[in-house]
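Each reported figure results from applying straightforward, stated rules to the coordinates on display, with no laboratory input. Since the structure is predicted, the reported quantities are computational estimates derived from the model, not experimental observations. Cβ sites come from the backbone with ideal geometry, for glycine too, and all protein chains shown count toward neighbours.
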Amino acid sequence: MSGTADHDALRVESVSHAFGAVQALKNTSLTVKRGDFVALLGVNGAGKSTLFSLITRLYDNVSGSIEVCGHDVRREPGPALARMGVVFQSRSLDISLTIRQNLRYHAALHGIGRREAIERGDRVLERVGLLDKGESKVATLSGGQVRRAEIARALMHDPTLLLLDEATVGLDVRSRTDVVDTVRALVESGEVGVLWATHLFDEVRTTDPVILLHHGEVLAQGTAGEIAGDTTLSDRFLAMTGIDEREIAA
């Protein structure tokens, strides 16, 4: 298939994955459309990171199918990976380099020439509000600024799908808000579809498409408001899973 504008940013169909006897994902299906902020909600161990690893080909999916912009990640890994940008939970920038140096290195890995990389770098830094920090070494940045720099790097090759795995973990409330707002502004352009994996229910708006994931199973899909009904999304999740409230507050 070709990755045209007719295709969803991400389509996962009937994907399961196990680590020995432990079933990490069970017949999981979901869709992320361009211009959507889709929240993948679940506590630690739900299967969020496993799903991200399958989408990004760190693990091989042996059941079901995963398509990025119409490209099957198993049959066409090159075109599929070229259409996605990823921000993993663990920090991954070189802290001894400046933000711009990190961006240029990433661009080089994608075959983008130096002059184009410099132009793109300024554009993405402006989009994430870090244009004035381009020459700052990553080691000097705040946690929220590092996250926004990682988002800038993920945007350097103009992806259609943006994957963010617990992108606000360890940040203070202000920094969390800044990072979420940055990503939402990208979505509003209509060019990028976002899969936002989190265990923090306050990062989700009522109109957001949501997938509730627990022990590798999708418990519910729909907008946050549809799933919550006459209660809150977190209360609905607690009722469906029977877990302790403290597990979703951490």
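Of all residues in segment 12-30, none satisfies being among the small types (Gly, Ala, Ser) and within 30 Å of residue 129 (Cα to Cα). Right, residue 183: surrounded by 16 or more Cβ atoms within 10 Å (Cβ to Cβ), out of contact with any Asp or Glu (no Cβ under 9 Å at 6 or more places or on another chain) and not in a loop (DSSP other than H, G, I, E, B) or not? So residue 183 fits the description; yes.
Listed here are the residues, each with its yes/no results for (1) out of contact with any helix residue (DSSP H, G or I) (no Cβ under 6 Å at 6 or more places or on another chain); (2) in a helix (DSSP H, G or I).
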position: 74; (1), (2): yes, no
position: 78; (1), (2): yes, yes
position: 81; (1), (2): yes, yes
position: 85; (1), (2): no, no
position: 89; (1), (2): yes, no
position: 116; (1), (2): yes, yes
position: 120; (1), (2): yes, yes
position: 125; (1), (2): no, yes
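Is segment 89-107 home to any residue that is hydrophobic (A, V, I, L, M, F, W, C), under 14 Å from residue 154 (Cβ atoms) and surrounded by fewer than 19 Cβ atoms within 10 Å (Cβ to Cβ)? No, there is no match, as no residue in segment 89-107 is hydrophobic (A, V, I, L, M, F, W, C), under 14 Å from residue 154 (Cβ atoms) and surrounded by fewer than 19 Cβ atoms within 10 Å (Cβ to Cβ).
The residues listed here are 126, 135; of these, the one that is without any contact (Cβ under 8 Å) to a residue 12 or more places away in the chain and over 13 Å from the mean Cα position of the chain (by Cα) is 126.
Residues of segment 52-71 that are surrounded by fewer than 20 Cβ atoms within 10 Å (Cβ to Cβ), closer than 14 Å to residue 159 by Cβ and of a type in the set (A, V, I, L, M): none at all.
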